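Just below is one structure, and these are the notes that go with it.
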Amino acid sequence: MAHIKLHIPGPVEVSEKTFKAFCSPMIGHRGQGFKDLYAKIQPQLQTLLSTKQLVYLSTSSAWGVMEGAIRNLVQKKVLNCMCGAFSDKWFDVSKKCGKQAEALQVEWGSPIRAEAIDKKLATGEFDALTVIHNETSTGVMSPLTEIAALKKKYPGVMFIVDAVSSMTAVPLPFDELGIDVLLAGTQKAFALPPGLAVFAASPAALAKAATAKDRGYYFDFVEFQKNAGQSMTPSTPSIGHVFALSSKLDDFFAEGLQNRYARHRQTNKMVHEWAAKHGFNLFPEKGFESVTLTCVSNGARPGGRTVDVAKLQKLVKDRGFLIDGGYGKIKGTTFRVSNMGDETEATMTTLLAAMDEAMTQL
Ligand SMILES: *Cc1c(COP(=O)(O)O)cnc(C)c1O
């Protein structure tokens with residue numbers, strides 16, 4: 001069957017070069033070959049996140065580390081900042097881990113604002129908070145720098161940040177932000193196959209994790225730290241992913257990180273312009289639009305055009321591209337187009353031309 005190119009917001013299209021690296025001959029994870037591989041990518045990951053801390057590799061999807069962060073770092077009560085499907089679910093996950101949790105819920109389409117977090121943390125009830133930088137379901141990017149600045153006021157609170165669909169597309173200087181955990185799954189802006197997550201943890205987070213009695217084993221941050229110090233992972237990792245990540249990081253630095261960020265902004269702008277040209281509004285509150293995907297309003301916001309999203313999706317698919325028909329409760333009243341990963345002005349032009357054609361048949 002002919003391959004339908006992915007323009008959904010994860011997993012995204014994976015290049016042939018990446019797949020070739022993924023399929024490198026197998027090596028043992030306790031041997032020198034693997035240690036050399038991890039030692040080679042460690043400084044690249046540290047440069048990517050502007051951090052002196054070790055960056056850890058977890059063979060899991062992002063949720064593994066998201067749940068792990070709760071188990072390692074919440075002892076009193078966690079504030080789950082919620083503005084879409086993924087951030088809402090983190091609240092359920094906290095409760096399923098047996099933790100005290102409180103929801104800071106804003107309307108889907110709105111960002112999480114620092115002032116709202118400040119008000120909650122001022123109660124002194126919380127020792128951790130979760131926030132999603134780029135809420136992929138709504139296409140909203142929350143103001144992370146302002147949120148992270150609160151850490152100075154509340155040093156005892158663990159700031160756990162999901163950057164699953166923004167990491168590598170925008171600068172995320174971990175040390176400068178001063179947050180405690182920054183994590184991402186690699187099937188989004190990294191453009192790797194699903195199944196690997198990367199994360200960094202602050203010294204305070206690692207110290208706190210060491211005091212958590214029920215943190216389990218698979219996502220034990222202390223184990224990650226101990227092993228990464230020797231360029232290893234706690235258990236057998238998906239070694240193919242690590243080869244692929246190494247190849248991908250070389251790509252990032254060959255392009256230049258600043259160029260990579262600019263490319264994401266530019267290709268994202270092209271989708272915004274496409275939406276405006278066809279009379280659609282965007283779903284996110286103005287000024288808080290993601291740069292890695294576009295969540296187009298199809299009736300979810302007042303005014304603007306509406307179409308049969310399922311039909312649009314089918315017409316676009318017939319032309320070889322998969323776009324997303326909206327997530328959760330905004331399925332159909334929104335649709336999403338990803339520009340994350342390897343997409344360029346040229347590839348986005350091809351996609352948007354196919355979407356133009358599809359629009360003429362609606
Ligand atoms: C995709 C996504 C997740 C979930 O990732 P999995 O890899 O499926 O566990 C979490 N948060 C955000 C923001 C996402 O985009």
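Where a number appears in this text, it was derived from the coordinates with a stated rule and is not lab data. Source: prediction; values computed, not measured. As a convention, Cβ positions derive from the backbone with ideal geometry for all residues, glycine included, and neighbour counts pool all protein chains shown.
Only helices enter this figure: runs of n ≥ 4 DSSP H residues, each worth -39500 (n - 2.57), summed and divided by the residues of the chain, yield -12000 deg cm²/dmol at 222 nm to the nearest 500. In terms of other Cβ atoms within 10 Å, ARG319, ARG260, ARG336 run from fewest to most in the order ARG319, ARG260, ARG336.
Net charge near VAL74: determine it from the other residues with C-beta under 13 Å of the C-beta of VAL74, scoring Lys and Arg +1 and Asp and Glu -1.
Net of charged neighbours comes to +3.
For LYS5, the residues whose amide H sits under 5 Å from its own are PHE321, LEU322, ignoring neighbours fewer than 5 places away on the same chain, with H placed 1.01 Å from N.
For VAL140, the residues whose modelled amide H falls within less than 5 Å of its own, excluding neighbours fewer than 5 places apart on the same chain, are GLU135, SER290. Put simply, the convex hull of the Cα atoms in the range 165-247 casts, on average, a shadow of 6.0 nm². Kirkwood hydrodynamic radius computed over the range 137-207 comes to 12.9 Å, based on all pairs of distinct alpha carbons.
Computed over the alpha-carbon pairs of the range 16-253, the distance histogram in 5 Å steps reads 1, 7, 15, 19, 20, 16, 11, 6, 3, 1, 0 percent, short to long.
Taken as entire DSSP H runs, the helices of the chain that both span 18 Å or more between Cα atoms along their own long axis and average 0.0 or more on the Kyte-Doolittle scale are 239-255, 345-360. For the range 11-100, a Kirkwood radius taken over Cα pairs fed into Stokes-Einstein (10 °C, viscosity 1.306 mPa s) yields D = 97 µm²/s.
Using the Karplus relation 6.51 cos²θ - 1.76 cosθ + 1.60 with θ = phi - 60°, the per-residue 3J(HN,Hα) values for the range 136-153 come to 5, 6, 10, x, 9, 9, 7, x, 5, 4, 5, 5, 5, 4, 5, 4, 4, 7 Hz, with x marking Gly and Pro. Just to be sure I follow: if Rg is taken over the C-alpha atoms of the range 275-352 and Rh is the Kirkwood radius over the same atoms, what is Rg/Rh? On the Cα set of the range 275-352, Rg over Rh gives 0.95. Rounded to the nearest 0.05, the FRET efficiency derived from the C-beta distance between ALA39 and PHE252 at R0 = 22 Å is 0.80.
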